[in-house]
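Inspection log for the structure reproduced underneath, given as structure tokens.
Only the coordinates and a few stated rules stand behind these numbers; no lab work does. Quantities reported herein were computed from a predicted structural model and do not represent experimental measurements. No Cβ is skipped: glycine too gets one built from the backbone with ideal geometry, and neighbour counts run over all protein chains shown.
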Amino acid sequence: MNKECMVLKVLGSRGSVPVEGERFKVYGGATSCMKLLVPEDSGRTEEIFFDAGSGIVSAKVAPDSNISILISHMHLDHIQGMPFFCALGEKGRKIDIFAAPRNSFKADEAIERLFSPPFWPLRIIDYPADVQIHDIEGSFMIGNIRVDTLEVNHPGGSTTYKLSFNGKTVVYAVDYEHPEPVDMRLAKFVENCDLLIYDGQYCWEEYPGCYGFGHSIPEIGVELAKNANVKQLLITHHSPSHDDSFMHEWEERINKICPIASFAKIGQEICL
């Protein structure tokens, strides 16, 4: 790993439910999870996970890294892999989980509902790892990384995260439905960012019948990127009904109107 740059790894790029099979090899079948590797001055690495969908099950972690998980919201496709995260089984491993309180539940209360019978046999405190759960609001620091947050339009709410380190900025904006062609709040939040990870679950033809579900389309991400001077746009949260063939043709069409845009692929790495 380059000691001066951040590296994003795509572990899960699917929305709603996992899918599998030969038709989903390239763009992936696991639900939302991406990992950002950030070098620290101490020589250790911050491993920061965006969400903990089924993609986190395949995650491998360094023995001496600091681990943080940023949860956009507690819908199942974004947390369903958490009970199977390998680092939870490591005695003494420190893991920090960050999430906004929602529906009168603090972050720890919501996670305790997932990690409890009859839904799961273990509570979070039963795992060997040392897990700390934090309610978030506004900005905070993870090591030398500044984390800014913005609440966006989604049923029950969703948090968009902006991480800044060494002059580079990454924004994770999934499970977001735009209230107008360009959301000026979000445009200001992502302005000049180096990488915008954006929800593009639906295509233009599907969208009228899906409005209100809390998701977006790549074309809106393209407009947002242009208005906000975004350097690179990564479309994710793919619909489980869109296979590799569909996604490939769609990506080519979007890339023609926006050369900085691409669709997230399983195992993909982006160095910033």
For region 165-272, what are the per-bin percents of Cα-Cα distances with bins 5 Å wide, up to the bin holding the maximum?
-> 2, 12, 25, 25, 20, 11, 3, 1, 0
Gain on full stretching of the segment that runs from Met141 to Glu249 - 0.36 nm per residue minus C-alpha separation | 34.9 nm
Taking every alpha carbon pair in region 12-129 and sorting the distances into 10 angstrom bins from 0 up to the bin holding the longest one, the percent per bin comes out as 14, 42, 34, 10, 0
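Take every Cα-Cα pair in region 42-105 and report what % of them are more than 19 Å apart.
Working: 621 of 2016 pairs.
The calculated P(r) of region 42-105 puts 31 percent of pairs beyond 19 Å.
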Could you give the dipole magnitude of region 75-210 about its Cα centre, charging the beta-carbon of Lys and Arg +1 and that of Asp and Glu -1, in debye to the nearest 20?
-> 540 debye
What list do you get for Met6, Met247 if you sort them by fewest beta carbons within 10 Å?
-> Met247, Met6
So what is log10(I(q)/I(0)) for the chain at q = 0.10 1/Å, when the Debye sum runs over its Cα atoms only?
-> -0.47
May I have the convex hull volume per residue, in Å³, for the Cα set of region 86-225?
-> 142 Å³
Taking the Cβ of each residue in Lys256, Lys106, Lys162 as the centre, tally the other Cβ atoms inside 10 Å and list the residues starting with the fewest.
-> Lys256, Lys106, Lys162
Gain upon complete extension [Lys94, Asn166; 0.36 nm per residue less C-alpha separation] | 23.5 nm
Could you tell me what percent of the DSSP beta bridges with both partners in region 7-269 are antiparallel, to the nearest 5?
-> 50 percent
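As a footprinting exposure proxy, order Ser262, Ser13, Ser241 by other Cβ within 10 Å, with the fewest listed first.
Ranking Ser262, Ser13, Ser241 by Cβ neighbours within 10 Å, fewest first, gives Ser241, Ser262, Ser13.
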Report relative contact order for region 7-269 in percent, whole number only (criteria: Cα-Cα under 8 Å, sequence separation at least 6).
-> 18 percent
Over 19 Å between Cα atoms, which of Lys188/Lys226; Lys162/Lys265; Lys168/Lys231; Lys162/Lys231 qualify?
-> Lys162/Lys265
Distance between modelled label sites at Ala62 and Glu223, nm, 7 Å Cα→Cβ extension | 4.2 nm
